[in-house]
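**Q** Got a structure here, written out as structure tokens. Questions coming.
Nothing in this text is a laboratory measurement; each read-out follows from the coordinates by a stated rule. What you see is a predicted model, and the numbers here were worked out from it, not measured in a lab. Here Cβ is always computed from backbone atoms with ideal geometry, including for glycine, and neighbour counts include all displayed protein chains.
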Amino acid sequence: MTDFALDKPGKSRRPDLMAYATLSLISAFCAVPFFWVLLASLDGNAQLFLSWPREWTLNNYVRVFAEEDGARWVFNSLFVVGSATLLVMVLAGLGGYALSRTRAWWKQPFLYAILLIRVLPPTALVVPLYKILLTLNNIEGNLVRMVIGGDHARAIMRWIGFIDGYLGLILVLATMQLPLALWIMKTFFDGLPRDYEEAAVMDGATMLQRIRRVLIPLALPGLAAAGLFAFISAWGDFLLPLILLSSPELQTLPLGLFRAFLRVNTIDYGFLAALAFIYLMPAVIAFGFARRFLVQTFSGGVKG
Amino acid sequence: MVRSTYEKRVARQLLLILSPSLLLLLAFVIYPAVYSVYLSFTNEALTGAAALNPRFVGLRNYSRLLHDAKFWNSLFVTFVFVVGSAIIGQFVLGLISAIMLRRDLAFKQLFSSIILLPNAAPEVVAGFMWISMLAGGENATLSRIVMFFGMTPTDWLQTFPLTMIIVVNTWRGIATAMILLTAGLSTIPSEVYEAARMDGANPSQIFRRITLPLMMPTILLYMLISAVSTIAVFGLVYALTRGGPGGATEVISIYIYNQSFTAFQLGYGAAVAVVALVISLILGIAYVRAMKVQV
């Protein structure tokens, strides 16, 4: 008791209580909306309002997959965002290494440019972006029809098309995540001593061998951070799929949720909440893994 | 001699492995940005005569901007939204959380996990959850809370639309502010606090005379970066209000979207986009200079 009193003089007890009270209020503000989604998704008679379910059920989740195209939305989201994340990790791993090791004149302009690119609002870019993608898509569509004929052209364009196709959305989503990922990887490689690479050079390893055998194993923590942030940001993005996708077969989770919500006359809150919860979970899990990198990444952005 | 050809080869290889990233950024960010400046000088549209045959119209889109009350409204709404949510809401709650969580509390991890949670919610899910919280009628969560304090409930997104999107965006960004400000707080040496306490300073004096001044550089950087990222917010507001009612929440990114994809006026939408790009770039350059990056 006395030891405790010595460590913490009586005066500091009251501020502790105040800290608990304040933090509880802020936490309640942060958490209450999540309770609604969770409870409504398990409620057989869900309402727009937060309430304790009288009839617990998993039926809402079953309906997402049985009655609607939920499985397809989940697949599309995982496929598109997963591919974009992989692409970002590969490109940022290579590019970040180059940015860290080069002494060329373009190093500084390039780094300033990627910092500034991060501040551009995506909405301000989507109209010209759409027109560029449309042009690419038309050229590509004509080529595809010339080579394989019109019969299967639509099916193929669904995969490799720039508009209303997987490839276009993957490339654009990846590009939007690249600046932060390049910055993370560049900073990461800056912290890796060159000794290992120099030893590999002495042993006569080529650039690709050096990357594969020496740098990738060393760079895994950096790649994990870059990949997680790319995944979280691309997973939550709504604007790009909204503009680039129109076929129902290509719909991703944000579009499925948004459009289900727009069917005003038949709003089914249990179904919507279950869908929202399914869409939420991968982001929360990824965020849990990303937590240990948050401080480095955010404050790294501040301190340079 | 041998050394220099080797170095040249390495330099070429480094540029080569950077080039895919460079290509993507040029094609899908830099070129669109430049292209939107070009578009803003044309009468390009998605439908009608101008769609088939766009013409160069000089500065006409920009002179139209000057007289467009909806454009000025969206600039004003954006300003209030940024100041209310990023500069005041997220900052104040983030700073309070950061300071409180420096204490050695039980459940510290739990508190910070919960505060981080809204940051993980995808924009559309966040919007959907808050439609429930803010709905009209006596059963919605916010209405129940105000009734508990003896006030009258209302349809919150209809009655106080701008205030409500500020509340929601504050909710979403407390964690970012908290993380950045925690990092800033940890750079203040504890000796400074001890010395002040020895001199008999009380907590509020310590906060005003020591914490705030020493935190100023961090706070400035936080303000710039959060202002820029708040200008870019689209999905959250779109899911909640789509800019309504009557333009009350039509922040600039929603206005660009509505002009381009609802009114189909691409040229005019591009002029608004250029304004948003210029404002963001100015704040961005201030940010890069303030953080004194060593690149």
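**Q** Of A:Leu192, A:Gln47, A:Ala174, which is farthest on the positive side of the dipole of chain A, counting Cα position, with +1 on Lys and Arg Cβ, -1 on Asp and Glu Cβ, and the Cα centre as origin?
**A** Of the listed residues, the answer is A:Leu192.
**Q** To the nearest 20 debye, what charge dipole does chain A have about its Cα centre, counting +1 at the Cβ of each Lys and Arg and -1 at the Cβ of each Asp and Glu?
**A** 760
**Q** A follow-up question, please. Report the residue, chosen from B:Gln13, B:Gln158, B:Gln109, that carries the largest GNM mean-square fluctuation when chain B is represented by alpha-carbon nodes joined by springs under 10 Å.
**A** B:Gln13
**Q** Follow-up. Just A:Ala31, A:Ala21, A:Ala113 to compare: in a GNM of chain A, with alpha carbon springs under 10 Å, which one fluctuates most?
**A** Comparing A:Ala31, A:Ala21, A:Ala113 in the GNM, the peak value goes to A:Ala21.
**Q** Same structure again: In whole angstrom, how long is each semi-axis of the equivalent ellipsoid of chain B, when you take the square root of 5 times every eigenvalue of its Cα gyration tensor and sort them from largest down?
**A** Equivalent ellipsoid of chain B: 39, 34, 18 Å, largest first.
**Q** Counting pairs of alpha carbon atoms under 8 Å apart in space and at least six apart in sequence, what relative contact order in percent does chain B give?
**A** Once normalised by length, the contact order is 28 percent.
**Q** With labels modelled as points extended 7 Å from the Cα through the Cβ direction, what inter-label distance (nm, one decimal) is found for B:Arg103 paired with A:Trp105?
**A** According to this spin-label approximation, the distance is 5.9 nm.
**Q** Which residues make up the longest stretch of chain A that has no GluC sites (Glu not before Pro) in a DSSP loop with at most 14 other Cβ atoms within 10 Å?
**A** A:68-304
**Q** Could you tell me what fraction of 2.2 N^0.38 Å the Cα radius of gyration of the stretch B:56-209 comes to, as a two-decimal ratio?
**A** Against the compact-globule rule of thumb, the ratio is 1.42.
**Q** Could you please tell me the mean projected area of the C-alpha convex hull for the stretch B:163-295, averaged over all directions and given in square nanometres to one decimal?
**A** Hull-based average projected area comes out at 10.9 nm².
**Q** Taking the Cα centre of chain B as origin and charging only Cβ (+1 Lys, Arg; -1 Asp, Glu), how large is the dipole, in debye to the nearest 20?
**A** Magnitude of the dipole: close to 780 debye.
**Q** I need the fraction of alpha carbon pairs in the stretch B:1-139 separated by more than 24 Å, rounded to a whole percent.
**A** Considering the stretch B:1-139, 69 percent of its Cα-Cα pairs are separated by more than 24 Å.
**Q** Which one of B:Phe91, B:Ile114, B:Gly58 is farthest out on the positive end of the charge dipole of the stretch B:1-151, using unit charges on Cβ (Lys, Arg +1; Asp, Glu -1) and the Cα centre as origin?
**A** So the residue furthest toward the plus end is B:Gly58.
**Q** What list of whole percents do you get for P(r) of the stretch A:149-304, with Cα-Cα distances grouped in 5 Å bins up to the one holding the largest distance?
**A** Calculated over all Cα pairs of the stretch A:149-304, the distribution is 1, 8, 13, 13, 14, 13, 12, 10, 7, 4, 3, 1, 1, 0, 0 percent.
**Q** Just flag the trypsin sites (Lys or Arg not before Pro) in the stretch B:235-295 sitting in loop per DSSP whose Cβ has no more than 12 other Cβ atoms within 10 Å.
**A** B:Lys292
**Q** Considering the dipole of the protein assembly as shown built from charges on the beta carbon (Lys and Arg +1, Asp and Glu -1) around the Cα centre, which of A:Ala92, A:Leu228, B:Pro153 is farthest to its positive end?
**A** A:Ala92
**Q** Grab the beta carbon distance between A:Ser247 and B:Asp199, set R0 = 60 Å, and tell me the FRET efficiency rounded to 0.05.
**A** So, using R0 = 60 Å, E works out to roughly 0.30.
**Q** Once you treat every alpha carbon in the stretch B:198-272 as an equal point and sum by Debye, what is log10 I(q)/I(0) at q = 0.23, 0.27 Å⁻¹?
**A** With no solvent term, the Cα-only Debye profile gives -1.00, -1.16.
**Q** In deg cm²/dmol, rounded to 500, what helix-only [θ] at 222 nm does chain B give when every DSSP H run of at least 4 residues adds -39500 (n - 2.57) and the total is split over its residues?
**A** Calculated at 222 nm, the ellipticity per residue is -20500 deg cm²/dmol.
**Q** Right, next: Within 10 Å of each residue's Cβ, count the other Cβ atoms and sort A:His152, B:His67 from fewest upward.
**A** Lowest count first: B:His67, A:His152.
**Q** Spin-label point model (7 Å from Cα, Cβ direction): what's the B:Val80 to A:Leu220 distance in nm?
**A** Distance between label points: 5.3 nm.
**Q** Grab every C-alpha pair in chain A, bin the distances at 20 angstrom width from 0 up to the longest one, and report whole percents.
**A** Per 20 Å bin, starting at zero, the Cα-Cα P(r) for chain A comes out as 25, 47, 25, 3, 0 percent.
**Q** OK, next. Under unit Cβ charges (Lys, Arg +1; Asp, Glu -1), what dipole magnitude, rounded to 20 debye, does the stretch A:82-172 have relative to its Cα centre?
**A** My answer is approximately 360 debye.
**Q** Just round it to a whole percent: the fraction of Cα-Cα distances in the stretch A:119-218 exceeding 20 Å.
**A** Here the long-distance tail beyond 20 Å is 60 percent of all Cα pairs in the stretch A:119-218.
**Q** Could you grab the relative contact order for chain A? Cα pairs under 8 Å, six or more apart, rounded to a whole percent.
**A** Reported relative contact order: 28 percent.
**Q** Within the stretch A:167-196, find all residues whose amide N lies under 15 Å from a label point positioned 7 Å from the Cα of A:Arg213 along Cα-to-beta-carbon.
**A** Counting only backbone N, you get A:196.
**Q** Give the total of Lys-Lys pairs in the protein assembly as shown with Cα-Cα distances below 27 Å; include a pair only if its members are 8 or more places apart or on different chains.
**A** 12
**Q** I'm a student and want to see the number: the projected area of the Cα convex hull of the protein assembly as shown, averaged over all directions, in nm².
**A** The directionally averaged projection comes out at 35.4 nm².
**Q** May I pose another question? For chain B, set up a Gaussian network in which alpha carbons nearer than 10 Å are linked by springs, and say which option among B:Asn53, B:Asn258, B:Asn169 fluctuates the most.
**A** B:Asn53
**Q** Another question, then. Divide by every residue of chain A the summed helix terms, -39500 (n - 2.57) for each DSSP H run of at least 4, and state the resulting mean residue ellipticity at 222 nm, rounded to the nearest 500 deg cm²/dmol.
**A** -25000 deg cm²/dmol
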